[in-house]
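Participant: Pasting a structure below so you can have a look.
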Amino acid sequence: MLYLVAAVAREVAFKRPDRFGWIDVDECYWLTSSTEGANLVHEIVHDGRKHKAGVGLGSHDPLELGDETTRGLLGYKLVMRHTDPALARRSLEFLGLDAADPHLLDTVAGLSPSSAPHRQGECLLRDNTGRIGRVRIEIPPVERIEARIGTTPPEGTETVEQVGVPA
């Protein structure tokens, strides 16, 4: 079913080359873990530009973003905090940086620390020209976006909604 949703998104994004289309695939392991899904991601990344369409692939592990060629064709690459050393190393390699550099490993582990809310959204960005820098992604000061963007429930609310489930 998830493959079907992604395939329909590809059709919609590729259908009208007179406008830019964007396909966002977060937690993309669900798509790239199957042969069909990996082939679909490969096609979108390789063919998207001629159809005036782009794709955003999100994952904890860069290896889940597709094969080496597909990952290499991604123009903009973001790496958020990783405290797991193996994931931090793979993320640095994904950016084209030295995965054995202890300073860079510390940098990745220290991005956007949970103890510093004013630093939320920090990441490393590699642009399509190969420049790499530290940036911070911020929520735009738009009330409707601010109200809905978070994934952490507010304090004092139920974390699981039981709809039609008998007690």
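No value in this document is a laboratory result; all are computed from the given coordinates. If you're wondering where the values come from, they're calculated on a predicted model, not measured in any experiment. Cβ placement follows ideal geometry from the backbone for every residue including glycine, while neighbour counts extend to all protein chains displayed.
Participant: Sequence neighbours fewer than 8 away in the same chain don't count; with that in mind, list the aspartates and glutamates whose C-alpha is under 16 Å from LYS77.
Facilitator: Answer for LYS77, where 16 Å is the Cα cut-off: ASP24, ASP26, GLU27, ASP61, GLU64, ASP67, GLU68, GLU93, ASP98, GLU122, ASP127, listed by chain and number.
Participant: Something else now. Within region 81-160, report the trypsin sites (Lys or Arg not before Pro) that DSSP leaves as loop and that have at most 11 other Cβ atoms within 10 Å.
Facilitator: The qualifying sites are ARG131.
Participant: Considering only the other residues whose Cβ falls under 13 Å of the Cβ of LEU40, what net charge follows from Lys and Arg at +1 and Asp and Glu at -1?
Facilitator: -4
Participant: Could you work out the local net charge near VAL25, counting Lys and Arg as +1, Asp and Glu as -1, over the other residues with Cβ closer than 12 Å to its Cβ?
Facilitator: After counting each charged neighbour, the total is -3.
Participant: What 222 nm value per residue comes from the helices of the chain, counting each DSSP H run with n ≥ 4 as -39,500 (n - 2.57) and dividing by all residues, nearest 500 deg cm²/dmol?
Facilitator: For the chain, the value works out to -10500 deg cm²/dmol.
Participant: In region 26-114, which GluC sites (Glu not before Pro) fall in coil by DSSP and have 16 or fewer other Cβ atoms within 10 Å? Walk me through the numbers before you get to the answer.
Facilitator: Numbers: sites: GLU27, GLU36, GLU43, GLU64, GLU68, GLU93; in loops: GLU27.
Taking region 26-114 and a limit of 16 other Cβ atoms within 10 Å, the loop GluC sites (Glu not before Pro) found are GLU27.
Participant: Would you mind finding the longest exposed-site-free stretch of the chain, with exposed chymotrypsin sites (Phe, Trp or Tyr not before Pro) meaning DSSP loop and at most 16 other Cβ atoms within 10 Å?
Facilitator: Longest stretch, sites excluded: 77-167.
Participant: Work out which helices of the chain, taken as complete DSSP H runs, extend at least 30 Å along their axis over the Cα atoms and score a mean Kyte-Doolittle of 0.5 or more, then list them.
Facilitator: Flagged H segments: there are none.
Participant: Defining a contact as two alpha carbons under 8 Å apart and six or more residues distant in sequence, what relative contact order in percent does the chain show? All intermediate terms of the calculation are to be shown ahead of the outcome.
Facilitator: On the way: 217 pairs, mean separation 23.7, N = 167.
Averaging sequence separation for qualifying contacts and normalising by length gives 14 percent for the chain.
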